[in-house]
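Participant: One structure, pasted below without further comment.
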Amino acid sequence: MWSQCRQHRETERHGESSGQTEACSGHAGDQETDREREPETEPGREGSGLDQRKEELGTCPHQPNNRFIETQSLKKKTLNFQDSWFRQYKWLHYSPSLKGVLCFYCAKYFGDQISSLASKADGAFTKTGFSNWKKALQRFSQHEYCDCHSAAMTTYLHQKQPVSTQLSSQLQKQQQVARNSLFKIVGGMMCLARQGNALKGHDNKEGNFHQLMKYKAEGDEELSSWLQRHKNFTSSKIQNEVLQIVSNTIVCGITQEIDSLPVVQYSLIIDGTQDATGVEQESFCLRFVDKNLQPREEFIGLYQVTSTTGENIARVANDVLIRLNLPLSQLRGQTYDGAANMSGRMQGVQAHLKKEQPLAVYDHCGPHCVNLITQAACVSTLIIRDAMQLVHELGVLFNQSGKFKAIFTAIAKSDQTATHRSLKPLCPTRWTVRTPAMRSVLTQYESVLTGTEEMSQSTTMEMSARASGLHNSFLRGNAILGIILAEDVMAVMEELNISLQQRSQTTSGMLAAVDHVKRSIQAKQSEEHFDWLYSKASPVVTSLNLQPIKMPHVRKPPKRFTGPATSHCHSTAQAYYRMQYFNTLDTAVVQCNERFSQDGLQRLQKLEDVLISGNIDAVVVEYPELNAMALEVHLKMFQANYICTTSSEVADIFREMVPEVRNLFKQVEVLLRLLMVVPASSAEAEQSFSALRRLKTWLRTMMTQTRLNNVAICHVHQEKLDALDRKQICQSLV
């Protein structure tokens, strides 16, 4: 220790003597007070002086206002330190204890370390402090360009940070890279799920997700390196977890929106189908009325059932509602198809749910009712039934035979009088989408005859035989008349079906639409309208040289039924088919009256009568959210200011109200929501079947039920998926 102190003292004396020699030789006549000389220190106290200067230096140069820096007094003038020197020489550091300036970097470097340049360092800027302001600019410039100062600056700039600081900085960088990489991984999964694409194949490396991340890693060294070191974050387990978090977030958002309503009311929509592997999948949807009085129908998932009995499906429905934290006491409607396990009065799903919640009104799906009405009307008349079967068989032949498809397409395109349309078979379950198939045959009837005749001469035995039979059937005039009559009836029913499939459709609107269609059908029951249809068929029969329209042979009834009277016989084919056509229309009207006179619809009709008339019915007392006395008061105030004839008009008025006025009619709004919350159809659940067909194909049959449900929710709710915050998803994952 003593030897080190002695060495330091010799170095300091050498620097002091050289500094004093330079000062005396350069400015001996000025007689100024030069404070470059270092004060003498005792050997034992030198270490403490270094520590003190080290503490004074701090982490950056100290550059106070020049008012706090001592002046230099000469004989005739007093010199002050200039603030501009701090701006020009950033390394200047003022030491209050030395009452002079130091070089911040030289003092740190040569004060803490033993260097070979220590003996050459200027002591005025490293130890004693410089205060000769007369020579300031000269000395500052000389010091800035000296080797000692350059070495000190280089050493300071390349000085390593402490290990703890380096580790902390490196850890932060690694965490940021991990966050960015995870953000991109989650985004890739959400993108593929949104589009309904498979994330992995039989081999993970050949899957869409792996290839997508491989593409995104091109040119991104951080992501590429991170993926190589953390392969588990692209595994199937992580994929399932991310998809689970995303789907749960979407469904929770839907249930939270229901819980935030002024009055919690919702309805349940269920429909089932089989996936590609034959597993029964039940689609569950919720309907509610949002704060803007707009009906909303939201898909909440696909659920596999082990049994399709009404009791089992009702048990699954209860379990789903419990998981979603939706009380069964607030269930106000349920809509299913007409299958016995769903609509049965004793053992159907609606019956089991009504036992627990009697206010859950059951409504048979409106479009399903229209399908049944159309089916009953069409099969009631032989000429319409046979014509529709011919159109269906022609569409099947067109799809199955590539040769017939090529023949017909070439013939149809060469015909300048008609627009070419493909021939399609009739949908076996959707009766109300058959009109386009029949219209394509009507507009290309001549091409159909030519194509089937040419195909019948083919060497393919089966296809040629089928084409020959179809050609002979289409040569009969009854075929063209039957297609015209069928198209006239089904066009009206198809428009009704399309109207009822809208999400915003209400039960009151459904009944109003059905009434309009019934009046339209009844208007067709006139001789003028049938004669107009018959006149459309007759010119086609003549121009195409078809067989005349004939009525079938009618067997005379036995005399024991008719007695001596002569049995009635139609004189012409036109009169006979007029009767058949009227019979079809009568069947459609009767079916409309029967299908749309359900108990649930009658209850809702009573509630709408209360809303329109203002007369309180006994059915109001059954609903706990309705206060009969307050409702009567609110209805009188409402009717005094507004005139409405339907619930839709009431809803339009409420949407335009300011909040202060709307609060005056709270009970009226609750009643209005009750009428709007019951769905008119189960179309929302059936639309999810299309997503199921796209997701679970023959190549994806190994998909688990949980993964299928999660992907289906992401695929159906694409807008909600796009609105999710991926950062929150990543935080939930880790």
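The values are calculated or read from the model by the stated rules, or taken from the named source; none is laboratory data. Note that the structure is predicted; figures quoted are calculated from it, not measured. No Cβ is skipped: glycine too gets one built from the backbone with ideal geometry, and neighbour counts run over all protein chains shown. The area values use the complete protein model at the heavy-atom level, side chains included, leaving out ligands, DNA and RNA. Shrake-Rupley method; radii C 1.70, N 1.55, O 1.52, S 1.80 Å.
Participant: Just to be sure before I move on: is Gln718 within 30 Å of Asp203 (Cα to Cα) and either open to solvent by 80 Å² or more (accessible area, probe 1.4 Å) or small (Gly, Ala, Ser) (or both) in the structure I sent?
Facilitator: no
Participant: For a quick check of your reading of the model, give me the residue pairs whose first member lies in the range 274-293 and is more than 21 Å from Leu672 (Cα to Cα), whose second is open to solvent by 10 Å² or more (accessible area, probe 1.4 Å) and of a type in the set (Gly, Ala, Ser), with beta-carbon atoms closer than 8 Å and at least 6 apart or on different chains.
Facilitator: Glu280/Gly272; Gln281/Gly272; Glu282/Gly272; Ser283/Gly272
Participant: Another question, then. Condition test on Asp652, is it acidic (Asp, Glu) and over 17 Å from the mean Cα position of the chain (by Cα)?
Facilitator: yes
Participant: Restricting the range 265-285 to residues that are open to solvent by 30 Å² or more (accessible area, probe 1.4 Å) and assigned to a loop (DSSP other than H, G, I, E, B), which is farthest from Ala340 (Cα to Cα)?
Facilitator: Only one residue fits best here, namely Thr277.
Participant: Further question: With the structure loaded, tell me whether Leu382 is modelled with pLDDT of 95 or more and of a type outside the set (S, T, N, Q) or whether it fails that test.
Facilitator: It is false that Leu382 is modelled with pLDDT of 95 or more and of a type outside the set (S, T, N, Q).
Participant: (1) β-branched (Val, Ile, Thr); (2) under 38 Å from the mean Cα position of the chain (by Cα); (3) part of a helix (DSSP H, G or I): which one isn't true of Ile407, the others all being true?
Facilitator: Among (1) β-branched (Val, Ile, Thr); (2) under 38 Å from the mean Cα position of the chain (by Cα); (3) part of a helix (DSSP H, G or I), the lone unmet condition for Ile407 is (2).
Here's the yes/no breakdown for (1) modelled with pLDDT under 95; (2) not polar (S, T, N, Q):
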site	(1), (2)
Ser260	yes, no
Val279	yes, yes
Ser283	no, no
Phe288	no, yes
Lys291	yes, yes
Gln294	yes, no
Ser307	yes, no
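Participant: For the range 315-383, which fully contained helices (runs of 4 or more DSSP H) count at least 2 residues that are over 30 Å from Met490 (Cα atoms), without any contact (Cβ under 8 Å) to a residue 24 or more places away in the chain and open to solvent by 30 Å² or more (accessible area, probe 1.4 Å)?
Facilitator: Once the helices (runs of 4 or more DSSP H) in the range 315-383 are filtered for at least 2 residues that are over 30 Å from Met490 (Cα atoms), without any contact (Cβ under 8 Å) to a residue 24 or more places away in the chain and open to solvent by 30 Å² or more (accessible area, probe 1.4 Å), what remains is 349-356.
Participant: What pairs come up if the first residue lies in the range 390-404 and is closer than 13 Å to Cys427 by Cα, the second is surrounded by 20 or more Cβ atoms within 10 Å (Cβ to Cβ) and charged (D, E, K, R), and their beta carbons are under 7 Å apart, counting only those six or more places apart or on different chains?
Facilitator: So the pair list comes out as Gly395/Lys424.
Participant: Quick check on this structure: which one of Ala412, Ala418 is outside any helix (DSSP H, G or I), small (Gly, Ala, Ser) and farther than 29 Å from Leu500 by Cβ?
Facilitator: Going through Ala412, Ala418 in turn, the sole match is Ala418.
Participant: Which condition from (1) open to solvent by 10 Å² or more (accessible area, probe 1.4 Å); (2) at pLDDT 95 or above is the one that Val711 breaks?
Facilitator: Only one criterion in (1) open to solvent by 10 Å² or more (accessible area, probe 1.4 Å); (2) at pLDDT 95 or above is unmet by Val711, namely (1).
Participant: Another question about this same structure. For the list (1) among the basic types (Lys, Arg); (2) farther than 28 Å from Ala573 by Cα; (3) buried (at least 18 other Cβ atoms within 10 Å of the Cβ); (4) more than 40 Å from the chain's Cα centre (by Cα), I need the number of the one condition that Arg476 fails.
Facilitator: (2)
Participant: Among the residues of the range 95-113 satisfying the criterion of being open to solvent by 10 Å² or more (accessible area, probe 1.4 Å) and not in a helix (DSSP H, G or I), which is modelled with the lowest pLDDT?
Facilitator: Applying the filter and picking the extreme gives Gln113.
Participant: Please work out if Glu487 is open to solvent by less than 60 Å² (accessible area, probe 1.4 Å), charged (D, E, K, R) and over 30 Å from Gln602 (Cα atoms).
Facilitator: yes
Participant: Also, I was wondering about something else. For the range 530-547, name all the residues that are of a type outside the set (A, V, I, L, M, F, W, C) and under 52 Å from the mean Cα position of the chain (by Cα).
Facilitator: Selection gives Tyr534, Lys536.
Participant: Of all residues in the range 125-149 being open to solvent by 50 Å² or more (accessible area, probe 1.4 Å) and charged (D, E, K, R), which is modelled with the lowest pLDDT? Let's see the steps before the verdict.
Facilitator: So in the range 125-149, the residues open to solvent by 50 Å² or more (accessible area, probe 1.4 Å) come out as 134, 137-138, 142, 144-145, 147.
In the following step, the residues that additionally are charged (D, E, K, R) were identified as 134, 144, 147.
Details: Lys134: 90, Glu144: 91, Asp147: 86.
This residue is Asp147.
Participant: Kindly evaluate Asp122 against the criterion of being surrounded by fewer than 22 Cβ atoms within 10 Å (Cβ to Cβ) and either within 60 Å of the chain's Cα centre (by Cα) or of a type in the set (Asp, Glu) (or both).
Facilitator: No, not satisfied.
Participant: Conditions first: (1) at pLDDT 55 or above; (2) surrounded by 13 or more Cβ atoms within 10 Å (Cβ to Cβ); (3) part of a helix (DSSP H, G or I). Cys5 passes all but one, so which condition is the exception?
Facilitator: For Cys5, the failing item is (1).
Participant: Can you name the residue in the range 410-453 that is touching a His at 6+ places or on another chain (Cβ under 7 Å) and not hydrophobic (A, V, I, L, M, F, W, C) and, of all such residues, is surrounded by the fewest Cβ atoms within 10 Å (Cβ to Cβ)?
Facilitator: Lys413
Participant: Just one of Ala193, Ala152 is under 30 Å from Gly100 (Cα atoms), of a type outside the set (S, T, N, Q) and either without any contact (Cβ under 8 Å) to a residue 12 or more places away in the chain or surrounded by 10 or more Cβ atoms within 10 Å (Cβ to Cβ) (or both); which is it?
Facilitator: Just one listed residue meets the conditions, Ala152.
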